[in-house]
Amino acid sequence: MVRNLSFLFAAFTAVPVLALAQAPNTAAPASANPISRSQAKMYSLLSNVVIAGAEKMPEENYSFKPSPDVRNFGQLVGHLVESQYFFCSSVSRDNNAGPAAEKSKTSKAELISALKEGVAYCNKTYATMTDANGSEMMKLMNMDFTKLTVLSANTAHYYEHYGNMVTYMRIKGIVPPSSEKESSSGQK
C-alpha cells in the first residue's frame, strides 16, 4: 500500500511540475513561504475545477455509474467531500470529520453545498500553512509524513477523482471544465 501511495503521489505531482517546467521562465517575486503558497495555489485551482465539474453534471446524472462496481457520480462527489475533512482535519488536528456525504447526501444541491463547505474548510488549513510548520511531522495511516506532504496527498487525491469525474462527464457527452476552451469569438 505504501508503494502504491508513493507511486500515486509521484505520478500526480509530476504532471503539474512538468507543466510548470515548460512554462516561460518569468521571475516571480519571492514569497515568504514559496512551497506552502504554491501548494495552496495548486489546491485552489483544482478545487475550483472540481466544483465546476460537480455543478456542470446534470442532476439526473448524479446516480450514473459507468460500471456497477464503482461509485455513482454523486457518491464520488460525496467521497471528495469526506476526503477534504479527512486530510485537512488530520493536518489541523481539530478532529472535524465533516458530513458523511457519500452515503447520506444524494441531491446535486446537497452535494455541491457540502463540497463547497469542504473546500472552504480545507482552504483555512492551506492558508495557515507555512513552509516551517509544513515541515512538522505527523502520523497519517500509522506512517510519518510532513504536514505539507499530507496536504499534497489531498491535492493528488483530488486530481485522481477529478479524473474519474471527467470520465463520467465524457460518457454523458459533457465537456469537463478543464477541457473547455474559449473560442476566438469569446464563447465556450
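We did not get these values from a lab; they are worked out from the coordinates using the rules stated. Everything quoted here is computed from the prediction, not taken from an experiment. Cβ coordinates were reconstructed from backbone atoms using ideal geometry, including for glycine residues, and neighbour counts include every protein chain displayed.
Note on the stretch 59-188: dipole from Cβ charges, positive end direction compared against 115, 141, 92; the farthest Cα belongs to 115. Approximating the spin labels as points 7 Å out from Cα along Cα→Cβ, the residue 96-to-residue 67 distance works out to 3.5 nm.
Across the cross-link table entries 103/139; 105/147; 65/172; 56/172; 103/124; 65/103, which are compared at the Cα atoms, the separations over 19 Å belong to 103/139; 105/147; 103/124. Applying 1/(1 + (r/R0)^6) with r as the Cβ-Cβ distance of residue 109 and residue 37 and R0 = 45 angstrom yields a FRET efficiency of 0.85. Taking GluC sites (Glu not before Pro) across the stretch 76-184, the ones in a DSSP loop with at most 16 further Cβ atoms lying within 10 angstrom of their Cβ are 136, 180, 182. Compute the Cα gyration tensor for the stretch 46-177, then decide on rounded, prolate or oblate, letting a ≥ b ≥ c be the square roots of its eigenvalues: rounded whenever a/c is under 1.5, prolate when a/b is larger than b/c in the other cases, and oblate in all that remain. The shape class here is prolate. Each other residue within a Cβ distance under 11 Å of residue 60 adds +1 if Lys or Arg and -1 if Asp or Glu, for a net charge of +1.
About its Cα centre, the stretch 122-182 has a charge dipole of approximately 220 debye under the convention of +1 per Lys or Arg Cβ and -1 per Asp or Glu Cβ, with nothing else charged.
About the centre of its Cα atoms, the stretch 46-177 shows a dipole size close to 200 debye [charges on the beta carbon of Lys, Arg (+1) and Asp, Glu (-1) only; nearest 20 debye].
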